[in-house]
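Note sheet for the following structure.
The numbers here are math on the coordinates, done by the rules we state, and not lab data. Quick caveat: nothing in here was measured; it's all calculated off a predicted structure. Positions of Cβ are generated from backbone atoms using ideal geometry, with glycine treated the same way; all protein chains shown enter the neighbour counts.
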Amino acid sequence: MQTAVVIIFLVVVLYLFLRFWPEDKDRWHVDPADTTDPRRSGVRLIGPNAPRFPGDAATVLGVVADIVQKSPRTRKIDGSLDEGMITFVVRSRTMGFRDYVTFKAVTEGDMSKLAVYARPGMNVYDWGTNAALLDTWLLEAQQTLDR
C-alpha cells in the first residue's frame, strides 16, 4: 500500500513539474532557418520546402497568427508582426505538455514564404500531432489568403 502511495505521489510531482516548468522565450523563439533538424518529433519547413502564400509577409503572418490563436490551448509567447516572426505554445489536450511553433514570413515578390519550426517541449515522439496541427493551420491559411 505504501509503495502505491509513493508511486502515485511521484507521478503527481512529475506531472506538476512538467506542467508548470517556466518557459524560456529565448530558447523557443528562434528563426526556423537557424535551427537544427527536429528529428522524428517535430516539423521544420524552410527554404524550398516552406509554403508560399499570396500577399506580403505581414499579411500572411497576420492571417496565420489569427488562425493559430483561435486554436484551443494555444497562446503567443513571443514575437510580433513587426518582427516578422511569432512563436506560440500549444498545450496537449490530455496532459498539458507543451509544443512550440515558430512562424517567420518573408516577402518574395508578390508571394510570401512562411518558414515553420514546430517541436515538442520535451524531446519525445509526438505521434504526428505537430504535423497534423500544422497541416490544418496551413490549409486554413491557404483558403483564407486565396479569397
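Things to note:
- For GLU23, no residue whose modelled amide H falls within less than 5 Å of its own remains once neighbours fewer than 5 places apart on the same chain are excluded.
- For SER112, residues with placed amide H under 5 Å, excluding near neighbours: PHE53, GLY55
- Among THR136, THR36, THR107: highest mean-square fluctuation, GNM of the chain, C-alpha pairs under 10 Å: THR36
- Amide N proximity, the range 101-127 versus MET95 label position 7 Å along Cα-to-Cβ, cut-off under 20 Å: 101, 118-127
- GNM result for the chain, Cα springs below 10 Å: residue of LEU16, LEU133, LEU45 fluctuating most strongly: LEU16
- The convex hull built on the alpha-carbon positions of the chain has an orientation-averaged projected area of 9.6 nm².
- Along the range 52-66 the Karplus relation, 6.51 cos²θ - 1.76 cosθ + 1.60 evaluated at θ = phi - 60°, assigns HN-Hα couplings of 10, 9, x, x, 7, 4, 5, 5, 4, 5, x, 5, 4, 4, 4 Hz to successive residues, with x for each Gly and Pro.
- Derived scalar couplings between HN and Hα for the range 94-102 equal 7, 9, x, 5, 9, 10, 10, 10, 10 Hz in order, rounded to whole Hz, by the Karplus curve 6.51 cos²θ - 1.76 cosθ + 1.60 (θ = phi - 60°), x for Gly and Pro.
- Gained length - GLU108 relative to ARG73, 0.36 nm times residue gap less alpha-carbon distance: 9.4 nm
- Cβ-derived FRET efficiency at R0 41 Å, ASN49 paired with PHE17, nearest 0.05: 0.70
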